[in-house]
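Engineer: Before anything else, here's the structure in question.
The values are calculated or read from the model by the stated rules, or taken from the named source; none is laboratory data. All of these numbers come straight from a predicted model, not from anything done at the bench. Cβ placement follows ideal geometry from the backbone for every residue including glycine, while neighbour counts extend to all protein chains displayed. Just so you know, the surface numbers come from the protein's heavy atoms only, side chains and all, with ligands and any DNA or RNA stripped out. Shrake-Rupley method; radii C 1.70, N 1.55, O 1.52, S 1.80 Å.
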Amino acid sequence: MREISPQQICDAVSQMVRKANYTIGADMLGAFKDKLQTEASPRGKQVLSLLIENAEIADSEKVPYCQDTGYAVFFVELGRDVRLTGDLEAAINDGVRDGYTGGFLRFSIVKDPLFDRSNSGDNTPAFITTRVVEGDQLKISFGAKGGGSENKSRVMMLK
């Protein structure tokens with residue numbers, strides 16, 4: 001049986017949230033560069049050049065690529081033969097807290113969306129989906145769900 005500590009999870013999550021906010025994928029950066037070579041519009045070329053420059057600055061300076069650093073969303077595959085020596089959810093939230101505060105990422109999550117819409121101040125709680133799978137591995141996937149996750153909106157039914 002493989003044993004994993006909360007600190008190992010916290011450290012991995014902290015690194016994960018920073019990297020996801022500082023670095024875009026090589027495939028995406030490559031697509032921007034490829035499109036820059038074929039783009040006909042001067043405005044389109046300017047936008048692509050700015051996107052490439054922004055990605056390079058974010059990666060080298062370790063600053064967020066986008067001002068919307070997102071809602072921390074995790075998909076966890078927990079092997080049946082893994083023994084956690086602490087609370088998985090708490091360890092992930094500790095990692096989010098460390099990654100977002102130490103990485104100078106924007107906090108955009110509220111404590112309780114219904115009753116207390118004040119900012120949590122550390123981007124927790126994370127959204128965590130966990131599946132138990134065969135094996136002795138713990139796989140944690142992260143996505144920063146952006147797009148104005150805390151935009152207020154209003155719905156009305158008109159007769």
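Engineer: Find the residue count for the range 53-98, including only residues that are under 23 Å from Lys33 (Cβ atoms) and touching an Asp or Glu at 6+ places or on another chain (Cβ under 6 Å).
Structural biologist: 0
Engineer: Follow-up question, since we're still on this one. Assigned to a strand (DSSP E or B), open to solvent by less than 20 Å² (accessible area, probe 1.4 Å) and within 30 Å of Val132 (Cα to Cα): does that describe Val96?
Structural biologist: So Val96 fails the test.
Engineer: Sticking with this one: Restricting to the range 3-43, name every residue that is among the acidic types (Asp, Glu), in a helix (DSSP H, G or I) and within 26 Å of Ile140 (Cβ to Cβ).
Structural biologist: Asp11, Asp27
Engineer: A follow-up question, please. Looking at Val47 and the list (1) touching a residue at least 60 places away in the same chain (Cβ under 8 Å); (2) part of a helix (DSSP H, G or I), which single condition is not satisfied?
Structural biologist: (1)
Engineer: Restricting the first residue to the range 27-43 and requiring it to be farther than 14 Å from Glu53 by Cα, which pairs with a second residue that is part of a helix (DSSP H, G or I) and at pLDDT 95 or above meet a Cβ separation below 7 Å and a spacing of at least six or different chains?
Structural biologist: Matching pairs, first to second residue: Lys35/Leu48; Glu39/Lys45; Glu39/Leu48.
Engineer: While we're here: Of all residues in the range 122-141, which are open to solvent by 40 Å² or more (accessible area, probe 1.4 Å) and modelled with pLDDT under 95? Reasoning before the result, please.
Structural biologist: Taking the range 122-141 first, the residues open to solvent by 40 Å² or more (accessible area, probe 1.4 Å) are 125, 127-132, 134, 136-137, 139, 141.
Answer for the range 122-141, where residues must be open to solvent by 40 Å² or more (accessible area, probe 1.4 Å) and modelled with pLDDT under 95: Pro125, Phe127.
Engineer: Filter the range 50-93 for residues that are in a strand (DSSP E or B), under 18 Å from Gly146 (Cβ atoms) and open to solvent by less than 10 Å² (accessible area, probe 1.4 Å) and give the result.
Structural biologist: Result: Ala72, Phe74.
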